[in-house]
Amino acid sequence: ILQFNLVCDRVYLDTLANTLFFAGIFIGSAIVGPMSDWFGRKVAIIVFCLCLVSTGVGCAFAPTYEIFVVTRVLTAIFGIPCFIIQFTYVTEISGIEWRTQAGLLVNMGSALSHAILPGVAYALREWRGIQLYVGASPAIFLLFVYFIPESPRWLLANKKYNQAKAVIGRFAKSKGKVIESRKSEEKAAKKLGVWDLFRFPAMRVICLDILFIWFTISMVFYGLTLNGGSLAGDPYLNTALNGLVEVGAYLVLYFSGKFGRKPMLSGSFILGGLSCISSMLCDYFSNGDTDLLNASTALAIIGKFFASLGFALVYQVTSELFPIEARTTAVSMGSMSARVGSMLSPLTLQLQKSVPWATQTIFGTLSVLAGFTTLFFPETNKAEYLRSLPDAE
């Protein structure tokens with residue numbers, strides 16, 4: 001703040017930097033699909049990781065605000081593809097019975113990093129050192145690239161049968177099994193565009209709801225994350241707790257198969273929204289009362305727990321609502337809507353300075369409303385996938 005003189009008439013530049021960062025995530029979400037599909041999971045993540053390390057380290061040495069913002073936006077553009085590709089990769093190489101658990105491990109890694117970072121910040125204190133630590137950390141992945149094979153599903157989809165056979169054989173050998181070669185009679189799934197999802201009335205309603213819940217959960221999730229350091233109490237502890245509750249949320253998600261996707265998705269949105277509204281009420285009527293301020297902080301962290309659970313569930317439910325021919329397109333569509341919500345979250349937080357009750361009220365109201373709209377979704381837990389979009393009718 002002081003180094004770049006972000007005070008007085010330049011204070012808005014702090015919010016602008018966060019908004020542009022999320023704009024970078026929006027761009028990264030748009031380019032990761034084609035890059036990963038054209039060049040393969042392994043090649044794409046190596047390229048993005050190299051770019052991420054370069055821009056992340058460069059950001060730590062930015063001499064001016066303008067260069068800081070540019071390098072930070074570039075880290076967002078290159079960072080989100082690394083997460084999306086690794087999530088896709090681990091689910092593609094996992095068996096059906098382990099696919100959910102594999103995806104959860106990726107999410108838990110992200111949550112644990114979030115929980116550890118406040119400790120690093122407390123030890124280093126200076127932002128350039130923290131940024132250097134964050135920017136250089138992904139380089140560790142590059143040490144293991146040689147041992148990571150390409151996704152066999154991607155190889156098969158792109159008719160690289162010999163390479164796919166070698167990778168599958170390597171996996172089978174580790175289990176003491178032998179894979180017999182045989183021709184696949186499955187036809188390649190037809191690739192659809194976003195507008196194809198809106199051609200059928202029933203799917204049109206689902207798509208509009210998908211856009212709304214992704215937008216809402218992203219705004220609430222990132223809004224509560226960015227606001228963690230502004231809550232009553234120690235900012236380092238609050239930020240660490242925000243990361244730890246994500247771990248707890250992902251552990252709860254493991255049991256979604258027992259209770260069903262729809263009640264857990266709807267419940268996470270509604271309970272998260274009520275937590276945000278309750279947090280606002282405690283803060284608004286606290287009048288300096290320590291107990292009410294602490295209650296407000298606790299309720300905000302509980303809201304983050306349900307937002308984390310909801311975010312993980314929207315990925316899973318969206319992929320289960322659509323047939324294979326439209327699944328990737330549907331998730332990409334939802335992700336793009338989510339980035340719009342995340343770009344607006346820093347601007348929404350600015351309202352706290354003039355209208356203290358507005359931010360949490362917006363988060364809570366949207367979340368509760370989104371929770372009720374998810375009740376119109378069909379239950380997808382242990383349900384057969386749709387074979388085509390017309391089947392939804």
Identify all residues within the stretch 128-151 that are over 17 Å from ILE46 (Cα atoms) and in contact (Cβ under 8 Å) with a residue 60 or more places away in the chain; write none if there are none.
ARG128, GLY129, GLN131, LEU132, VAL134
Out of (1) at pLDDT 80 or above; (2) in a helix (DSSP H, G or I); (3) within 25 Å of the chain's Cα centre (by Cα); (4) closer than 18 Å to ILE93 by Cβ, the odd one out for ARG153 is which?
(1)
Checking PHE255 against (1) under 18 Å from GLY310 (Cα atoms); (2) in contact with a Phe, Trp or Tyr (Cβ under 9 Å, 6 or more places away or on another chain), which test does it fail?
(2)
Can you find a residue in the stretch 288-299 that is outside the structural domain of GLY119 (by TED's automatic domain parsing), assigned to a loop (DSSP other than H, G, I, E, B) and modelled with pLDDT under 90?
yes
Say whether the condition of being at pLDDT below 75, farther than 18 Å from LEU313 by Cβ and outside any helix (DSSP H, G or I) is met by at least one residue in the stretch 233-242.
yes
Could you list, in sequence order, the residues of the stretch 131-150 that are within 15 Å of GLY58 (Cβ to Cβ) and either aromatic (Phe, Trp, Tyr) or within 22 Å of the chain's Cα centre (by Cα) (or both)?
GLN131, TYR133, VAL134, GLY135, ALA136, SER137, PRO138, ALA139
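For the stretch 156-209, how many residues are part of a helix (DSSP H, G or I) and either at pLDDT 80 or above or of a type outside the set (Val, Ile, Thr) (or both)?
27
Answer with yes or no whether LEU366 is among the hydrophobic types (A, V, I, L, M, F, W, C), at pLDDT 85 or above, in a helix (DSSP H, G or I) and farther than 23 Å from ILE206 by Cα. Can you show your working first?
Working: among the hydrophobic types (A, V, I, L, M, F, W, C): yes; at pLDDT 85 or above: yes; in a helix (DSSP H, G or I): yes; farther than 23 Å from ILE206 by Cα: no.
It is false that LEU366 is among the hydrophobic types (A, V, I, L, M, F, W, C), at pLDDT 85 or above, in a helix (DSSP H, G or I) and farther than 23 Å from ILE206 by Cα.
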Filter the stretch 104-126 down to the residues that are free of Cβ contacts under 8 Å to residues at least 40 places away in the same chain and part of a helix (DSSP H, G or I), then identify the one that is surrounded by the most Cβ atoms within 10 Å (Cβ to Cβ).
VAL106
I'd like to verify a number: residues in the stretch 253-281 that are modelled with pLDDT under 85, in contact with a Ser or Thr (Cβ under 9 Å, 6 or more places away or on another chain) and farther than 22 Å from THR373 by Cβ, how many?
2
Hey, PRO390 under 13 Å from ILE206 (Cα atoms) and either at pLDDT below 85 or not assigned by TED's automatic domain parsing to the domain that holds ARG199 (or both) or not
no
Kindly indicate whether ALA298 is of a type in the set (Gly, Ala, Ser) and over 16 Å from the mean Cα position of the chain (by Cα).
yes
Does ILE80 count as out of contact with any Asp or Glu (no Cβ under 6 Å at 6 or more places or on another chain), exposed (fewer than 13 other Cβ atoms within 10 Å of the Cβ) and either in the same structural domain as PRO235 (by TED's automatic domain parsing) or assigned to a helix (DSSP H, G or I) (or both)?
no
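Every residue, every condition in (1) surrounded by 19 or more Cβ atoms within 10 Å (Cβ to Cβ); (2) in the same structural domain as GLN350 (by TED's automatic domain parsing); (3) not acidic (Asp, Glu), yes or no:
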site: ASP37; (1), (2), (3): no, no, no
site: LYS42; (1), (2), (3): no, no, yes
site: ILE45; (1), (2), (3): yes, no, yes
site: CYS59; (1), (2), (3): yes, no, yes
Contacts under 6 angstrom Cβ, first residue in the stretch 293-304 being more than 15 Å from GLY243 (Cβ to Cβ), partner of a type in the set (S, T, N, Q) and not in a helix (DSSP H, G or I), 6 or more apart:
LEU293/SER286
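If I ask for residues that are in contact (Cβ under 8 Å) with a residue 12 or more places away in the chain and over 22 Å from the mean Cα position of the chain (by Cα), which ones from the stretch 44-75 would you list?
VAL57, GLY58, CYS59, ALA60, PHE61, THR64, TYR65, PHE68
The values are calculated or read from the model by the stated rules, or taken from the named source; none is laboratory data. Owing to the predicted nature of the structure, the values given are computational and were not obtained by experimental measurement. Cβ atoms come from the backbone with ideal geometry, glycine included; neighbour counts cover every protein chain shown.
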